[in-house]
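Q: Have a look at the structure that comes next, please.
The values are calculated or read from the model by the stated rules, or taken from the named source; none is laboratory data. What you see is a predicted model, and the numbers here were worked out from it, not measured in a lab. A quick note on method: Cβ atoms are made from the backbone with ideal geometry, for glycine too, and the neighbour counts reach across all protein chains shown. Only protein heavy atoms, including side chains, enter the accessible area calculation; ligands, DNA and RNA are left aside. Shrake-Rupley method; radii C 1.70, N 1.55, O 1.52, S 1.80 Å.
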Amino acid sequence: MSALFLSALTLSHFRSHRRAKLALDGRPVAIHGPNGAGKTNILEAVSILSPGRGLRRASSEDMTRRPEALGWKVTADLTAQSHFHEIETWSEGGASRQTKIDGKASPQIALGRIARVLWLIPAMDRLWIEGAEGRRRFLDRATLSFEPAHAEAVLTYEKAMRERNRLLKDMVRDAHWYAALERQMAEAGATLYRNRAHALSRLSEAQEAAETAFPTANLTLTHPEPACEAPFDAGALQAAFAANRPRDLAAGRTLIGPHRADLYAVYAAKNVPAKDCSTGEQKALLISLILANARALSDDLGAAPILLLDEVAAHLDATRRAALYDEITALKSQAFMTGTGPELFAELGDRAQTVVVTDEDGISKTDQP
């Protein structure tokens, strides 16, 4: 049994589910059923037990069941390192979601302190060939898993940058308007640089130390225009923002800083950039990074994170599927995995629970044989 696991999960008016209730025992969870039955919705509900907007990056309003639109609620019983927690998160009328931990109102960042949740979904398959924003988001999710306070630094930086960009767009030239904003950006930005560098180091170490059927990726954090020679130093970063202000005024936006970072990956065994690899190789590299992230967290915290793997089995042959399941069970991770049929999880045997999701008369029902 995992040292970090959900023992109960209840969805109320969440996405397609009017009500779904799962009793869990810590083993991996194999969820199968027809397309459109609501399998991914269960994974999304688990994903919002961590800070942020979940695996779909959806608004609270989008998560509510239609046509009722009454609002939604997700509750869970979580065991983390022998400590039991009751988690509730909900939204009413499309309002921002609220969270309680053990009956007390809590900020989202508090979720990251008691649970670590990682995910891999089909939308991420284009990670290596899409724009840099998706790769930054992927790296920041990994970074957040190591340092929950990273989310607060991201929000502080982005808020200050939006305000600075408004000044730039309005062609405000008075330096006094920029000083406080650039100080906030520099302090939060230096934290972002440090946190991301630490996450990359941990991912690389976890890949190198493991014997796995999945390929290793050499990872580098790149910037089209480096902010300064010492980005970990808030003072140097603040000076760089001030020095670059004339160029930023001409562009109407901030041209340097951690928001311009990109994650560059190379398939190590072939020395080929990830963007130039085959579709199957790109998927294998993603799985490798998720597993490395999980191994590193397990080493750091003494418990593997909860994994959410949507339709992952459909893209792997039987040998790779078996290897993935072996690694998940060796990690002792409670991995939630979806697929259209039970044959995709045959290699797991009784190492996993099975959840069958059906859709009858417009009501989603979850059955556990």
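Q: Scan (1) 28, 55, 17, 0; (2) 27, 59, 14; (3) 25, 45, 26, 4 for the value of P(r) over Cα pairs in 20 Å bins from 0, in percent calculated from this model and give just the label.
A: Label of the calculated value: (1).
Q: In addition: Simple spin-label model, 7 Å along Cα-to-Cβ: ASP25 to THR279 in nm?
A: So the two model labels end up 3.8 nm from each other.
Q: Once both axes come from the Cα atoms, what is the angle between helix 132-146 and the longest principal axis of the chain, in degrees from 0 to 90, rounded to 10?
A: 70
Q: So, one more: How far is helix 318-331 tilted off the main Cα axis of the chain, in degrees rounded to 10, range 0 to 90?
A: 80
Q: List the aspartates and glutamates whose Cα lies under 14 Å from the Cα of LYS169, skipping any in the same chain that are fewer than 8 positions away.
A: Leaving aside aspartates and glutamates fewer than 8 places away in the same chain, those within reach of LYS169 are ASP248.
Q: Moving to a separate point now. Please get the size of the charge dipole for segment 237-369, origin at its Cα centre, with Cβ charges of +1 on Lys and Arg and -1 on Asp and Glu, quoted in debye to the nearest 20.
A: Roughly 940 debye for segment 237-369.
Q: Helix 234-243 versus the longest principal axis of the chain: what angle, 0 to 90°, nearest 10, using Cα atoms?
A: Between helix and principal axis, roughly 60 degrees.
Q: Taking a virtual spin label 7 Å from the Cα of ALA69 along the C-beta vector, which residues in segment 1-20 bring their backbone nitrogen under 18 Å of it?
A: Residues passing the 18 Å test: 13-18.
Q: Quote the accessible area belonging to GLU68 in square angstrom, nearest 10, computed with a 1.4 Å probe and with ligands, DNA and RNA left uncounted.
A: For GLU68, the solvent-accessible surface is approximately 60 Å².
Q: Starting from the Cα-Cα distance between THR319 and GLN81, subtract it from 0.36 nm times their residue separation and give me the gain in nm to one decimal.
A: Result for the pair: 82.4 nm of gain on full extension.
Q: Run the simple label-point estimate for ARG260 and ASP359 please: 7 Å along Cα→C-beta, distance reported in nm.
A: The two pseudo-label positions are separated by 4.5 nm.
Q: Still on this model: Could you check the simple spin-label distance between GLU61 and SER7, using points 7 Å along Cα→Cβ, in nm with one decimal?
A: Going by the 7 Å Cα→Cβ label model, 3.9 nm.
Q: Per DSSP H run of at least 4 residues, take -39500 (n - 2.57); add these up for the chain, divide by its residues and hand me the 222 nm value, nearest 500 deg cm²/dmol.
A: Values: 10 runs with 142 residues, N = 369.
Roughly -12500 deg cm²/dmol at 222 nm, from the helical runs in the chain.
Q: Okay, next question. Among 313-324, 30-41, 248-259, 94-105, how do they line up from the highest to the lowest mean number of other beta-carbon atoms within 10 Å? Can you show the working numbers first?
A: Values: 313-324: 16.7, 30-41: 19.8, 248-259: 18.2, 94-105: 13.4.
Ranking the peptides 313-324, 30-41, 248-259, 94-105 by packing returns 30-41, 248-259, 313-324, 94-105.
Q: Suppose every Lys and Arg Cβ carries +1 and every Asp and Glu Cβ carries -1, with no other charges. What dipole size does segment 221-276 come out with about its Cα centre, to the nearest 20 debye? Spell out each step's value before the answer.
A: On the way: 6 positive and 6 negative charges, 35 e Å.
Taking the Cα centre of segment 221-276 as origin, the dipole is about 160 debye.
Q: Place a +1 charge on the Cβ of each Lys and Arg in the chain and a -1 charge on the Cβ of each Asp and Glu, then give the dipole magnitude about the Cα centre in debye, rounded to the nearest 20. Intermediate values should be presented prior to the final figure.
A: Values: 45 positive and 46 negative charges, 178 e Å.
Charge dipole, the chain, about its Cα centre: 860 debye, nearest 20.
Q: What is the distance in Å between the Cα centroid of segment 211-246 and that of segment 264-284?
A: Going from one Cα centre to the other spans 22 Å.
Q: A follow-up question, please. Carbon and sulfur atoms: what percent of the 1.4 Å accessible area of segment 168-209 do they account for?
A: Carbon and sulfur: 52 percent of the exposed surface of segment 168-209.
Q: Which of the GluC sites (Glu not before Pro) found in segment 122-195 are in a DSSP loop and have at most 13 neighbouring Cβ atoms, other than their own, within 10 Å?
A: Those that pass, being in a loop and sparsely packed, are GLU130.
Q: Going down the table (LYS39/LYS100; LYS159/LYS332; LYS270/LYS332; LYS159/LYS283; LYS39/LYS275), which pairs top 27 Å between alpha carbons?
A: Result: LYS159/LYS332; LYS270/LYS332; LYS159/LYS283; LYS39/LYS275 exceed 27 Å.
Q: Let me ask another. Please give the net charge around LEU70, taking every other residue with its beta carbon less than 15 angstrom from that of LEU70, where Lys and Arg add +1 and Asp and Glu add -1.
A: Numbers: positive: ARG15, ARG18, ARG19, ARG65, ARG66, LYS73, ARG97; negative: GLU61, ASP62, GLU68, GLU92.
Charge balance in the 15 Å sphere: +3.
Q: Output wanted: per-residue J couplings in Hz (rounded whole) for segment 166-177, from phi through Karplus 6.51 cos²θ - 1.76 cosθ + 1.60, θ = phi - 60°, x for Gly and Pro.
A: Those phi angles translate into 5, 5, 4, 5, 7, 6, 6, 10, 5, 4, 5, 5 Hz.
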